[in-house]
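Working notes for the structure below.
Bear in mind these aren't lab numbers, they're just calculated from the coordinates by the rules spelled out. Remember, it's a predicted structure, so these values are computed and weren't measured experimentally. Glycine gets a Cβ as well: all are built from the backbone with ideal geometry, and neighbour counts include every protein chain shown.
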Amino acid sequence: MPYNPNLKPKIENRKFPVGYVVGGSLKENLRVRLTISPQEVQEGAFVVVQSGDWQFYGLVTDLMLGSTDPRFADEQSELRLPGELAALLHGQTLYTTLEVLPALMQEVGPDPEGPNFARLYTEWRQSHPKDPPLIPIKTIPSHHAPVRLAHAGDIAAIFGDPTDPDNFVLGYTREQGYPVCINLKKFVQRSSGVFGATGTGKSFLTRILLAGMIKYNQASVLVFDMHNEYGLDDTASDTNQRVIGLRTIFPGQVRVVALGRTASIRGQSPDFTLEVGESEIAPEDIEMLTRELNLKETTPTTLAALVHTFGRAQWFSEFKKMKQGAVIEDEEGKKIPAPDSVEAWARQAGVNEAAAAGLHGKLNRLFDAPYIVSKTVGDSLGEIIRTLESGRHVVLSFGDYESDLDYLLISNLLTRKIREKWEEHTNQYRSHPEKTSEPRPLVIVVEEAHKLLNHEMAQQTAFSTIAREMRKYYVTLLIIDQRPSQIYDEVLSQLGTRISGWLGDDSDIQAVLSGLAGRDALRGMLARLQPKEEVLLLGWGVPMPIPVRSRRYDEKFVQEVRGRSLGKQSEADILKEIGF
Ligand SMILES: Nc1ncnc2c1ncn2[C@@H]1O[C@H](COP(=O)(O)OP(=O)(O)OP(=O)(O)O)[C@@H](O)[C@H]1O
Ligand SMILES: [Mg+2]
């Protein structure tokens with residue numbers, strides 16, 4: 001089994017046990033007496049316990065020093081003892097206990113090292129023609145069952161064989177450097193999350209995941225790229241190294257769309273630009289901005305009246321045209337609202353004038369947004385949807401529009417449109433499978449997800465519906481966030497796969513682990529990850545939790561997913577090659 005040659009294994013692939021079970025229970029963790037030096041095993045190490053015909057797989061969650069006689073622990077008695085006795089002291093009177101969180105078990109048949117193996121194995125095979133499945137832990141190993149460190153074969157048996165195209169290597173075990181895969185087929189079936197404090201490597205890991213998903217080609221990907229990180233080549237802020245964009249790796253498959261009429265993003269040209277017609281803006285898109293624009297509770301009433309007067313397609317442009325506070329004099333010289341004023345409309349429509357004027361004032365930011373136009377050139381929204389339906393991928397770069405307002409409005413609006421489209425397609429497919437093609441699975445990627453999925457907004461945005469029920473309509477989310485505790489619990493609990501880097505805040509750690517077994521044991525592990533490039537894989541999408549060293553996103557990775565080297569080719573050369 002291949003393992004990462006860059007990470008020199010500290011311990012050889014040991015067949016030998018590192019300890020034996022001395023206690024524990026299903027509810028508590030297992031206790032294992034360590035028979036090697038404690039420095040050879042670390043928290044998070046993956047261990048295998050052999051007991052009878054069964055193998056148990058677990059994680060080391062703690063290491064404790066113990067002694068049968070506290071006097072020997074408290075004093076350096078070995079200094080007074082002759083050599084042999086001193087050696088005996090360590091390991092017998094003084095020892096180390098591992099705490100092991102058991103996660104999975106599997107019936108594997110008789111011990112190959114045991115007596116009469118050939119006969120016993122043949123008999124066992126007759127009653128078990130197929131390899132028994134891995135199952136969640138339901139019992140415990142016996143006293144003194146030997147414990148060994150997992151080898152590459154164990155990791156592959158549980159997390160998947162790296163040579164299977166459904167499996168994608170996301171990282172390596174921390175101690176031995178064995179590849180750990182995630183099953184992409186499973187991964188895209190449910191929404192998932194990448195978490196970690198700033199600088200832990202979320203964006204880099206997401207790029208790796210996206211490259212895997214694009215290569216795997218079973219789902220289209222739409223990235224809301226708030227900070228212009230994913231599509232185009234970039235320079236890492238800390239290392240000044242070139243960070244290759246997804247379009248450079250997969251030219252032709254990934255289209256970079258820029259928000260607003262712009263010729264370039266950091267000097268590189270997008271494939272096309274996105275403008276939103278005024279008629280596309282719905283009242284719900286505005287209500288979603290309540291916090292951002294500090295809207296009053298009268299807003300829904302005013303919006304409903306606007307839609308009633310002008311219709312869903314016209315309300316925004318008509319409201320935009322109105323003048324706030326404009327007055328004329330009537331026949332008697334008295335000042336009255338001008339006919340084209342917000343107040344005149346409010347009076348006619350029977351809504352509070354001050355409320356209407358207040359809303360108009362707050363919407364000025366949208367009225368002035370250059371990417372909202374009265375008439376769009378072409379149908380860029382439709383083009384995005386068609387690109388995704390055709391199996392290609394879209395990175396929507398926000399360019400200079402980096403404010404939360406732009407991000408919230410556009411990502412929600414687009415997601416609402418996509419949701420309608422995918423729902424319609426799925427319903428057609430369900431009623432006429434012979435006439436309609438199956439919808440293409442879609443993964444929507446959102447950075448800074450708590451801005452869209454926080455406790456207040458989750459009910460209003462299109463995203464929470466997707467997290468909760470769109471799996472049935474072939475759409476799932478991949479959310480990326482530094483502050484998982486700010487995300488609505490109901491959304492968090494729906495996340496299938498959770499990938500988390502180091503988190504310092506207790507409430508964030510708790511949020512990532514919510515609803516998972518073994519939370520207490522995993523909490524410490526999350527808090528003690530390396531500050532960078534180490535993550536804990538968790539949740540439904542992985543057979544059991546495991547800490548891994550992230551795969552590196554570099555030229556070598558790009559070469560591996562592309563199947564050939566980029567060499568000195570620039571993005572421009574590649575685009576020319578495919579006829580841009
Ligand atoms: N898998 C990786 N391969 C190569 N470099 C990495 C990897 N992960 C992290 N790094 C390094 O760590 C730095 C920070 O990573 P990244 O930008 O992904 O952090 P982040 O978690 O997205 O932070 P923020 O929350 O501030 O956006 C990168 O600039 C890069 O140098
Ligand atoms: Mg980032």
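Here are a few things to note about the model shown:
- Sorted fewest first by neighbouring Cβ atoms within 10 angstrom, R519, R551 come out as R519, R551.
- Extended-chain gain in nm, criterion 0.36 nm per residue less alpha-carbon gap, S37 and Q241: 69.4 nm
- Estimated inter-spin distance, R430 and N217, nm [label 7 Å along Cα→Cβ]: 3.0 nm
- Summing charges over all other residues whose Cβ lies under 10 Å from the Cβ of G44, with Lys and Arg as +1 and Asp and Glu as -1, gives -1.
- Each Lys or Arg adds one and each Asp or Glu takes one away; over the other residues whose Cβ falls under 12 Å from the Cβ of K321, this sums to -1.
- A Förster distance of 30 Å, applied to the separation of the beta-carbon atoms of D340 and E420, puts the FRET efficiency at 0.35.
- For K323, the aspartates and glutamates whose Cα comes closer than 19 Å to its Cα, not counting residues fewer than 8 places off in the same chain, are E278, D340, E343, E353, D368.
- Sorted peptide list for 443-456, 197-210, criterion being average Cβ within 10 angstrom, highest first: 443-456, 197-210
- Reach of K27 by Cα under 20 Å, taken over lysines that are not fewer than 8 positions away in the same chain: K138
- Cβ-derived FRET efficiency at R0 35 Å, R528 paired with D368, nearest 0.05: 0.10
- Working ranking of peptides 522-530, 43-51 by packing, defined as the average number of other Cβ atoms within 10 Å per residue, highest first, is 43-51, 522-530.
- Gained length - D554 relative to A304, 0.36 nm times residue gap less alpha-carbon distance: 84.8 nm
- DSSP-loop GluC sites (Glu not before Pro) across segment 97-196, with at most 14 other Cβ within 10 angstrom: E113
- Relative contact order %, segment 465-520, counting alpha carbon pairs below 8 Å whose residues are six or more apart: 34 percent
- Loop-resident GluC sites (Glu not before Pro) (DSSP state other than H, G, I, E or B) in segment 364-404 with no more than 14 further Cβ atoms inside 10 Å of their Cβ: E402.
- Of all lysines in the structure, those lying under 16 Å Cα to Cα from K375, and not within fewer than 8 positions of it along the same chain, are K320, K321.
- Residue order, fewest to most surrounding Cβ atoms within 10 angstrom, among H393, H308: H308, H393
- With 25 Å as the limit on Cα-Cα distance, the pairs of K417/K532; K215/K435; K296/K472; K417/K472 that go past it are K417/K532; K215/K435; K296/K472.
- For F117, F16, order by how many other beta-carbon atoms lie within 10 Å, fewest first: F16, F117
- Full-stretch length increase - E284, S142 - with 0.36 nm per residue and alpha-carbon distance subtracted: 45.2 nm
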